[in-house]
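Presented below is the structure to which this report refers.
The values are calculated or read from the model by the stated rules, or taken from the named source; none is laboratory data. Keep in mind the model is a prediction, meaning the values are calculated, not measured. Positions of Cβ are backbone-derived with ideal geometry, glycine not excepted, and every protein chain shown enters the neighbour counts. Note: areas computed on protein heavy atoms with side chains; ligands, DNA, RNA excluded. Shrake-Rupley method; radii C 1.70, N 1.55, O 1.52, S 1.80 Å.
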Amino acid sequence: MAQALGEDLAQPSDLQDDSSSLGSDSELSGPGPYRQADRYGFIGGSAAEPGPGHPPADLIRQREMKWVEMTSHWEKTMSRRYKKVKMQCRKGIPSALRARCWPLLCGAHVCQKNNPGTYQNLAEAPGDPQWMETIGRDLHRQFPLHEMFVSPQGHGQQGLLQVLKAYTLYRPEQGYCQAQGPVAAVLLMHLPPEEAFWCLVQICEVYLPGYYGPHMEAVRLDAEVFMALLRRLLPRVHKHLQKVGVGPLLYLPEWFLCLFARSLPFPTVLRVWDAFLSEGVKVLFRVGLTLVRLALGTTEQRLACPGLLETLGALRSIPPAQLQEEVFMPQVHGVALSELELQREIKAQLAQLPASASEPPPRPQARLPGAPAIFETQQLAGTQGSPRPEVPRIVIQPPEEPQAPRRKPQTRGKTFHGLLTRSRGPPIESPARAHRSSTSFLDTRF
C-alpha cells in the first residue's frame, strides 16, 4: 500500500519548481535588477504564469463571484452556509479576494471594529528596546527575494517592524517569537498593516494559543499528539522515526509555528492558509502527516535513510513537483483525521504529559477549531456586550366581580295574542311614523 501511495505521487516533468519563493537565511544577497517578479511578488520566481494544474480564468471568475456574494452577507453565510465556505476554501480563495476573506474568516474584522485606534496607538508608541533589537535582526530573513522585503527601508520591512512591535506592546507577557516573522510577512503581502496585525493576534491567541509565548507549551503537546497520530495512521513510518531517533520536536516546530511558510512552495502555502483559517489546527496536522508520508512512505525511502541526519534531510527535501498545490492539497484533505478524533487524541496526550513546575500547563481548550467557532464566539460576545433590551412591563389587572347572567324575557306567543285578547283599557296604538300615516291593526276593517 505504501508503495502504491509513493508511485501515485509521480508528476509530469513539466511542473515548475516554486522553491525560489521559500525564505531562508542563505538568501541574503539581493536579487539583480534585471530579474522579473512572478505573480506573487517573488523576484526571479517561476510562478509568473499559471502552471498546467492551475484552474482556467473562467473558473477563477466564477469562484470570485461566489466569494463576493458570500462576503456581502457574511453573517448570514456563516450562520447557514458554512459548508459552502469550507468547500470554497478547500478549492482555494482567489488571489484578488484574500485580503477581503482572511480577516472575515479569522474574525480580525470584528477585533478591529471593536478596538478603534488601538493599532495606531501601538504603532506610534516606542517599543521595548530588547524586543526591538531582536526584531530588527530578523527583518532581512523574512522572504528576502520578495519585492516588498528587498530594501531595509522599504515599506515591507518597515511595516513588518511596526506590526511585530505592536504585538509585543499588545501582549508584553508574551513578547516576540522569531516564528512570528514569516507569519506576519505573509499577512503583509495581502493586507494593510492594521488588518495584518489583528490577523496575527487571532492566529496567536485563537488558532494557536500557547505557541508563541516564552514556554511554547502548546507546541510540546501537539508534538506528542502528532506522534500518536503517526503511530495510528502511519505505523511503519512511526517505527522508523523511533528507530533512528527522530523526535517530532526536530522538525515539527518549523512546520507548525511558521504555518509551513518556509517549508512549501508559496502557492501551496496560500492554499494551506485558506484551509487553516477555515478549519483550524486540524489542517496543520493533516499537512504534516502528508509531508511525512511523501518523504518516508515507501520502503525504499526508509531504507535510504538509515540514520538521523538522512531522515531529517528526507523530510526537508521532498521533490517540489510533489508539493504543487493542485497535487498536494487533495492529499491533505484526504487524510483520515476529523476534529473529533483530534480532540480525543489531545485529551489523551494531555493526561499523559508530565507536569512541570517551571512551565505553565497547555490549555488546548483555549484553541477554537476554525472559523465557525470563532464566528459563534464573537456573536455571543457581541450579544452579551450590547445593552440589554428593555423588558416589556406586564400589568395584571384584578378580576372583575362576577355578575348574574341576564335572563332573556319570554315573549314567545305573546306579541299579538295579548293585544287581541285584551279586554280592559283603551286600545293600544303604536306611535305614528313621520313619513306616512298608519292605522292601528285593531281598526282595520275587513
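Worth pointing out:
- Qualifying residue in region 193-201 (condition: closer than 24 Å to HIS140 by Cβ and either in a loop (DSSP other than H, G, I, E, B) or of a type in the set (Lys, Arg) (or both)): no
- For region 208-216, the condition of being in a helix (DSSP H, G or I) and touching a Leu at 6+ places or on another chain (Cβ under 9 Å) holds for none of the residues.
- Any hit, region 50-63, residues being of a type in the set (D, E, K, R), in contact (Cβ under 8 Å) with a residue 24 or more places away in the chain and touching a helix residue (DSSP H, G or I) at 6+ places or on another chain (Cβ under 6 Å): no
- Candidates in region 342-378 are the residues that are aliphatic (A, V, I, L, M) and without any contact (Cβ under 8 Å) to a residue 60 or more places away in the chain; of these, the one that is farthest from TYR207 (Cα to Cα) is ALA357.
- Qualifying residue in region 262-277 (condition: of a type in the set (D, E, K, R), assigned to a loop (DSSP other than H, G, I, E, B) and either under 16 Å from GLN331 (Cα atoms) or in contact (Cβ under 8 Å) with a residue 12 or more places away in the chain (or both)): yes
- Residues in region 113-150 that are modelled with pLDDT under 95 and in contact with an Asp or Glu (Cβ under 7 Å, 6 or more places away or on another chain): ARG141, PRO144, LEU145.
- Selection count, region 187-217, where residues are open to solvent by less than 10 Å² (accessible area, probe 1.4 Å) and among the small types (Gly, Ala, Ser): 1
- Across region 145-156, the number of residues qualifying as assigned to a helix (DSSP H, G or I) and open to solvent by 10 Å² or more (accessible area, probe 1.4 Å) comes to 1.
- The lone exception for ARG35 - which of (1) at pLDDT below 95; (2) within 24 Å of the chain's Cα centre (by Cα); (3) surrounded by fewer than 16 Cβ atoms within 10 Å (Cβ to Cβ) it fails: (2)
- Filter result (surrounded by fewer than 16 Cβ atoms within 10 Å (Cβ to Cβ) and either under 24 Å from ALA179 (Cα atoms) or in contact with a strand residue (DSSP E or B) (Cβ under 9 Å, 6 or more places away or on another chain) (or both)) within region 228-253: GLY247, LEU249, LEU250
- Among the conditions (1) under 22 Å from PRO253 (Cβ atoms); (2) open to solvent by 40 Å² or more (accessible area, probe 1.4 Å); (3) of a type in the set (Phe, Trp, Tyr), TYR170 misses just one, which is (1).
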